[in-house]
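Participant: Submitted below is the structure of interest, expressed as structure tokens.
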Amino acid sequence: MKTTNVFRMAGLAVLAAMTLTWTGCKEDTPTPKPNPNPPTPGGAKGDVAVVSMLTNPDGQSGTAWMQLVDGITPRTIDNSKARQIGFGMPPMDVLGNYIFTIPQYGQSNIFAKWERTADGALNKVAELLLPVNSVSMHGRIYSAEKGFLSTVVGKLLIFNPTTMKLTGEIDLSAYADKGLSVPQFGSLFFDGETMYVPLWQVNTQRMPIGDPGIDLLLIDLKTNKVIKRIKDSASGLSSLGYPYGVQKNVFKDEQGDVYYVASGSFSTDPKYKTGIVRIKKGATEIDPTYNWVLNDQAIEGETGKMRWLACVYYAGNGKLYGMADMPNYWADKTKPNWLRDRSVISVEIDLRAKTVKKLPIPHSCAYSTHVSTYNDLIVFSVWGDKETGFYTYDPKTGKASDGAVIKMPGFPFWFYQFK
């Protein structure tokens, strides 16, 4: 599989079935044991949006389907009522009841806006034709009047999410390292009136070049001007903020500190490491006391070490939930196959104690790595060897669902709860 597709899949994840048995004497009317994972009530009409992806054998093409479902009561769904969206590109962001989807990579320039209606329907309500060859990869919405789309031509496009009109651009081509024409961008993040823009100094295969390090711009949202550039070696960490739909691999904790996950080189080159960096509240530098490299981190319940922390969800109180690629599960120990290797495990990360624990969720592949929430449950996408769909984990009890709560065809790609 080509390395270019990892960034696209943005993109571009084995729990044994639990059974309850009775021992001892038979009873005529035995009292059933309580279900450790009772079904969650159905939820509001269409309160969950999900995306599944069906790939062709080469992994470079296929179809992606988005639909609404009512809660996470166990069920199996198909794509008969789903809407087709750009293959390999999870939704960019959600604003209220609107979902914004990115054009299919290299196949379309149409950025779309979808509305979830009160009766649980999903309708396309607007389209925005983007500049030819801009190839928008991801983005972020700041307000009802201002959003940003990253492109592969060194520019951030500015648009109005309400009117779906382009209103400007920020040209950051000048920040490309020597030998490159333009930088690429990681996940955008807003902290007050400052926008963080990670720069990826990568080749045409989206792999980092040069010495490992972190490159980050701070931009004033009032003026759209660069305030500062941060460059830091950060112990070999590279490529901040792998963009993955609404989930951005960047978050702020209760203390107001901003954390970014470094993607390294998506498991391909151990020179570029994965891990977590922190920017303290009010600071404009990488915190030198918190460059947490995860490549050599011990994982409770697992003998191997991760090579790539692909996606995360911050649940509060220092607890981070994610999915990590483990080379010891690769079929070919020298290189990953993101389409077929079920080498991705689900983990709980304690940011304060700096510990990692494997969770009782089935392994998945890199095409199906997404973490979200439903009420108080953590939701993981899993392309499993027994079931494919979304599994849940309850942090309060440490229990995982007995199987996929929403089973679906193809790769479970994205999950979002409207609240």
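The values are calculated or read from the model by the stated rules, or taken from the named source; none is laboratory data. The shown structure was predicted, so the numbers you read here are calculated from the model rather than taken from an experiment. No Cβ is skipped: glycine too gets one built from the backbone with ideal geometry, and neighbour counts run over all protein chains shown. We work out accessible area using only protein heavy atoms, side chains counted, and drop any ligands, DNA or RNA first. Shrake-Rupley method; radii C 1.70, N 1.55, O 1.52, S 1.80 Å.
Participant: Here is a list of conditions, (1) open to solvent by 40 Å² or more (accessible area, probe 1.4 Å); (2) over 26 Å from VAL246 (Cα atoms); (3) of a type outside the set (A, V, I, L, M, F, W, C), and GLY304 meets all of them except one; can you say which number that is?
Facilitator: Evaluating GLY304 over (1) open to solvent by 40 Å² or more (accessible area, probe 1.4 Å); (2) over 26 Å from VAL246 (Cα atoms); (3) of a type outside the set (A, V, I, L, M, F, W, C) leaves (1) as the failure.
Participant: Being more than 30 Å from SER80 (Cβ to Cβ), more than 13 Å from the chain's Cα centre (by Cα) and open to solvent by less than 10 Å² (accessible area, probe 1.4 Å) narrows it down to one of ILE345, ILE378, ILE406, ILE361, so name that one.
Facilitator: ILE345
Participant: Can you tell me which condition PRO270 does not meet? The list is (1) at pLDDT below 95; (2) in contact with a strand residue (DSSP E or B) (Cβ under 9 Å, 6 or more places away or on another chain); (3) open to solvent by 20 Å² or more (accessible area, probe 1.4 Å), and all the others hold.
Facilitator: Answer for PRO270: the failing condition is (2).
Participant: Follow-up question, since we're still on this one. Hey, among ILE219, ILE227, ILE214, which residue is within 21 Å of TRP308 (Cβ to Cβ) and in contact with a strand residue (DSSP E or B) (Cβ under 6 Å, 6 or more places away or on another chain)?
Facilitator: ILE214
Participant: Would you mind stating whether LYS396 is within 20 Å of GLU348 (Cβ to Cβ) and open to solvent by 40 Å² or more (accessible area, probe 1.4 Å)?
Facilitator: yes
Participant: Now, a different point. Output yes when any residue across the stretch 312-335 is open to solvent by 10 Å² or more (accessible area, probe 1.4 Å), of a type in the set (Lys, Arg) and touching a Gly at 6+ places or on another chain (Cβ under 7 Å), and no when none is.
Facilitator: No, the conditions are met nowhere in the stretch 312-335.
Participant: Could you grab me the full set of residues in the stretch 105-120 that are open to solvent by 60 Å² or more (accessible area, probe 1.4 Å) and of a type in the set (Val, Ile, Thr)?
Facilitator: ILE110, the sole residue that qualifies.
Participant: Of all residues in the stretch 90-104, how many are open to solvent by less than 50 Å² (accessible area, probe 1.4 Å), closer than 25 Å to ASN375 by Cα and either in a loop (DSSP other than H, G, I, E, B) or at pLDDT below 95 (or both)?
Facilitator: Of the residues in that region, 3 qualify.
Participant: Can you name the residue in the stretch 121-139 that is open to solvent by 50 Å² or more (accessible area, probe 1.4 Å) and either on the phi > 0 side of the Ramachandran plot or basic (Lys, Arg) (or both) and is also nearest to the chain's Cα centre (by Cα) among such residues?
Facilitator: Restricting to residues being open to solvent by 50 Å² or more (accessible area, probe 1.4 Å) and either on the phi > 0 side of the Ramachandran plot or basic (Lys, Arg) (or both), the top hit is LYS124.
Participant: While we're looking at this one, here's another question. Quick one: what pairs do we get from the stretch 119-136, first residue closer than 22 Å to PHE418 by Cα, second part of a loop (DSSP other than H, G, I, E, B) and open to solvent by less than 90 Å² (accessible area, probe 1.4 Å), C-beta under 6 Å, 6+ apart or different chains?
Facilitator: GLY120/GLY46; ALA126/MET164
Participant: Which one of the conditions (1) open to solvent by 40 Å² or more (accessible area, probe 1.4 Å); (2) over 25 Å from the mean Cα position of the chain (by Cα) does ALA176 fail to meet, given that it meets all the rest?
Facilitator: Every listed condition holds for ALA176 apart from (1).
Participant: In the stretch 50-59, is there at least one residue being modelled with pLDDT under 95, buried (at least 17 other Cβ atoms within 10 Å of the Cβ) and closer than 24 Å to PRO360 by Cβ?
Facilitator: Scanning the stretch 50-59 turns up no residue that is modelled with pLDDT under 95, buried (at least 17 other Cβ atoms within 10 Å of the Cβ) and closer than 24 Å to PRO360 by Cβ.
Participant: Looking for something in a loop (DSSP other than H, G, I, E, B), closer than 26 Å to ALA366 by Cα and not basic (Lys, Arg) - is there at least one such residue anywhere in the stretch 110-128?
Facilitator: no
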